[in-house]
Every structure is written in C-alpha cells, then in structure tokens.
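All remarks here apply to the structure that follows.
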Amino acid sequence: MKELKILLITVMSLMLTACFGMPDNVTPVKNFDVDRYLGKWYEIARLDHSFERGLNNISAEYTMRDDGGIAVVNRGYSVEDGQWKTAEGKAYFVNDKNEAYLKVSFFGPFYGSYVVFELEQDNYDYAFISGPNTSYLWLLSRTPDVAQSVIDNFIAMSQERGFDTSELIFVNHDRDSHRD
C-alpha cells in the first residue's frame, strides 16, 4: 500500500510539472521588463488548440496582481456562438523577473509554460511565445496588424526552433463588428 501511495504522489507531481519547461531550441528573452510588457496584446497567429478554436478578435490583457504575479485576461469572439469568450488566469515568473519565462494557470493548480523567445526591444511592439513544447506557439502584437516582415521573421525563427509553421492560424481582427 505504501508503494502505491508513493507512486500516486510521484505521478501527481509529474502531472503538475509536466507543462513546465520549454522546447530544446527555445531560450527566454533576458533583460525582460514586466512593466513594459503589461497591457493589451493582440493575437496575430497561433497553433491550434481547443481552448481557442473558432475564436477571432483574440486579445490578452496583462496587469500586476497584489501578490507580485500577473493577472491574465484572454478574450476572443466566437462567431459560431455569437458571443465573447473570456478566460482569466494568473502567471508567475519561474526563475528571475528579468527572464521572460513564466508559468501560467487558468485551471487551479495546473500551470503551463509561457516563454517569450523574441521581443521587439524598442517599444515591446511584438512578442513570439512558446509553451512547454512545440505544439504551443503564438505571435502577439500591440496592434491588430503587423508588418509582413514581422510575420516572416516569426515563421523563420519558429521553424528554426522546430515548430510546424504550416499549421499556423492567422487571427481575424474585424474592427467593424462584434465590439462591446
């Protein structure tokens, strides 16, 4: 019975930490300034996941929490349902606040990696983000549109790191409808 209890604890520990880490070729941005990163970001491109499937006009809003973490509000419009979907979460730095490597949770004690591996340094205009493996990839921008050169750089850097960019979804940001 004791062995079973140890096995269950080990399995649970692995499940809780399995979504940490990052792909082998991904390195978090250093000299990260969280205050400059806070605010609204628009999702430009992503790899497909059920939690975002069918959503357009996707944005993320980051604000500081009282406990030193970051409050996360993701929002997108479901054309099929005709309504906005919102997910609220929290994020914390895994190592140092100067390293763009965070853990984010939308579901209780379960956290996943959020790794900024490229960040426009002058104004923090765009960011390339990875999750714990090459199935998670996002291009975020401060505006709903980016230059083609940013998209080309995102694709090239992501391919170099092992992401399947042929599966990228480019998000529609229809500014004329579905505003609330």
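The values are calculated or read from the model by the stated rules, or taken from the named source; none is laboratory data. From a predicted model like this one, the values you see are computed outputs, not experimental measurements. Heads up, the Cβs are rebuilt from the backbone with ideal geometry, glycines too, and the neighbour counts pull from every protein chain shown. Ligands, DNA and RNA are stripped out before the accessible areas are found, and what is left, the full protein with its side chains, is counted by its heavy atoms. Shrake-Rupley method; radii C 1.70, N 1.55, O 1.52, S 1.80 Å.
In the set (1) in a strand (DSSP E or B); (2) closer than 23 Å to Gln121 by Cβ, Asn56 fails one condition alone, (2).
Looking at region 28-35, is at least one residue within 23 Å of Lys90 (Cβ to Cβ), surrounded by 12 or more Cβ atoms within 10 Å (Cβ to Cβ) and in contact with a Ser or Thr (Cβ under 7 Å, 6 or more places away or on another chain)? Checked against the condition, which is being within 23 Å of Lys90 (Cβ to Cβ), surrounded by 12 or more Cβ atoms within 10 Å (Cβ to Cβ) and in contact with a Ser or Thr (Cβ under 7 Å, 6 or more places away or on another chain), region 28-35 yields no hits at all. Contact map, region 123-142: first residue in contact (Cβ under 8 Å) with a residue 60 or more places away in the chain, second residue open to solvent by 60 Å² or more (accessible area, probe 1.4 Å) and part of a strand (DSSP E or B), Cβ cut-off under 9 Å, separation 6 or more or different chains; pairs are Leu139/Phe170; Arg142/Lys40.
For Val104, state whether it is in contact (Cβ under 8 Å) with a residue 60 or more places away in the chain and among the aliphatic types (A, V, I, L, M). It is false that Val104 is in contact (Cβ under 8 Å) with a residue 60 or more places away in the chain and among the aliphatic types (A, V, I, L, M).
Within region 107-140, the residues that satisfy the criterion of being in contact with a Gly (Cβ under 7 Å, 6 or more places away or on another chain) and among the polar types (S, T, N, Q) are Ser113, Thr134. Val104 fulfils the conditions (1) open to solvent by less than 50 Å² (accessible area, probe 1.4 Å); (2) in contact with a Gly (Cβ under 8 Å, 6 or more places away or on another chain); (3) of a type in the set (Val, Ile, Thr); (4) assigned to a loop (DSSP other than H, G, I, E, B) except for a single criterion, (4). Of the set (1) more than 12 Å from the chain's Cα centre (by Cα); (2) assigned to a loop (DSSP other than H, G, I, E, B), all apply to Glu88 but (2).
Summed over region 39-72, the residues that are of a type in the set (Val, Ile, Thr) and closer than 25 Å to Ala147 by Cα give a count of 2.
Among the residues making up region 114-131, those that are open to solvent by 10 Å² or more (accessible area, probe 1.4 Å) and outside any strand (DSSP E or B) are Glu120, Gln121, Asp122, Asn123, Asp125. Only a single criterion out of (1) assigned to a loop (DSSP other than H, G, I, E, B); (2) in contact with a Phe, Trp or Tyr (Cβ under 9 Å, 6 or more places away or on another chain); (3) modelled with pLDDT of 95 or more; (4) open to solvent by 90 Å² or more (accessible area, probe 1.4 Å) is not satisfied by Phe51, namely (3).
For every residue, the table says whether it meets (1) in contact with a Leu (Cβ under 6 Å, 6 or more places away or on another chain); (2) under 15 Å from Ala127 (Cα atoms); (3) among the small types (Gly, Ala, Ser); (4) exposed (fewer than 14 other Cβ atoms within 10 Å of the Cβ).
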{"position": "Leu38", "(1), (2), (3), (4)": "no, yes, no, no"}
{"position": "Ala45", "(1), (2), (3), (4)": "yes, yes, yes, no"}
{"position": "Ala71", "(1), (2), (3), (4)": "no, no, yes, no"}
{"position": "Asp81", "(1), (2), (3), (4)": "no, no, no, yes"}
{"position": "Tyr92", "(1), (2), (3), (4)": "no, no, no, no"}
{"position": "Asn95", "(1), (2), (3), (4)": "no, no, no, yes"}
